[in-house]
Amino acid sequence: MKKLLIILVMLAVVFSAFAQEADDVYYTDDQTVADTGTGKGFGLEVTAGIPVHWTDAEYNNVEDKTVSTALALGIALTYNFNRKFGLTLDTDVSFARNLYGNPSTDSVFHSLVTANVLFGPVIYLYNGSFLRIPLALGIHYYFFSVDHWDAGATNVFLKQTDHQFGPGAYIGIQFHFNKSLYILSRTNVNFDVARYYKAKTNGGSTSDFKLVGALSVKPTLGLGIKF
């Protein structure tokens, strides 16, 4: 009876160890691949997104509404502490230029630069072999800069720069081909509450700090590499 009990205990230990190992791998037709959600490691993501940012504020007691949208290229870095928790830095930048010239009258130049940064913890709501669902919560920073120059009869020059801050978040889906490569889709939603505004014109320069309500949304597609 004792021998049978010892054998059963040994079998239970073996099956328990095997089950623990099975949690860390999944199987394909010709290979065994480590589970994408186990262990520590870095993730590097290259993304393309369309950020749309609405700013509703007052500058010098005048209502100021600004909407910007662009195709932005981004890079995100994520460090995973374990299967459920990590730390992410999600960034993107976009820029546009326009130059118009009429030799008999004037020329006009426009420049637009925007950038977004989200820094904070990321929690994996689901972490499987092929699919992961990350949810990030953190601090958002938005940068907006526009240059306008009209060299005609009015000779107008304007440079406007915004720095905005507030809470931000994203939720996404990751589809893993193997332990190193995956595609991703996610949506960022941010709400900036503080704004530092600078403007420079022919007549001089001004600056101001305001509490604002500024909403931004950014759908994103990208490719990720896990180290």
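Rule-based calculations on the coordinates, nothing more; no lab input. As the structure is a computational prediction, the values presented were derived from the model and not from experiment. FYI the Cβ positions are ideal-geometry reconstructions off the backbone, even for glycines, and counts take in every protein chain you see.
Things to note:
- Hydrodynamic radius by Kirkwood, which averages 1/r over all alpha carbon pairs of segment 109-227, in angstrom: 16.9 Å
- On the beta carbon distance between F175 and F143, with R0 = 22 Å, the FRET formula returns roughly 0.10.
- Amide proton proximity set for G166, modelled H, under 5 Å, gap of 5+: H140, V193
- If R0 is taken as 22 Å, the Cβ-Cβ distance between L87 and L223 corresponds to a FRET efficiency of 0.60.
- Net lengthening on full extension, K40/S111 (0.36 nm per residue, minus Cα-Cα): 21.3 nm
- 11 Å beta-carbon shell around F157, net charge (K/R +1, D/E -1): 0
- Globularity ratio of segment 167-227, using Cα Rg and 2.2 N^0.38 Å: 1.80
- Its relative contact order, with pairs defined as Cα atoms under 8 Å and 6+ residues apart, puts segment 102-227 at 21 percent.
- Rounded to whole Å, the principal axis extents of the Cα atoms in segment 109-174 read 64, 23, 10, largest first.
- The label-point distance for D64 and H163, in a model that sets each label 7 Å from Cα toward Cβ, rounds to 1.4 nm.
- Among residues other than K200 with Cβ under 12 Å from its Cβ, the summed charge is +1 (Lys and Arg +1, Asp and Glu -1).
- Ordering of 199-206, 109-116 by burial proxy (mean other Cβ atoms within 10 Å per residue, highest first): 109-116, 199-206
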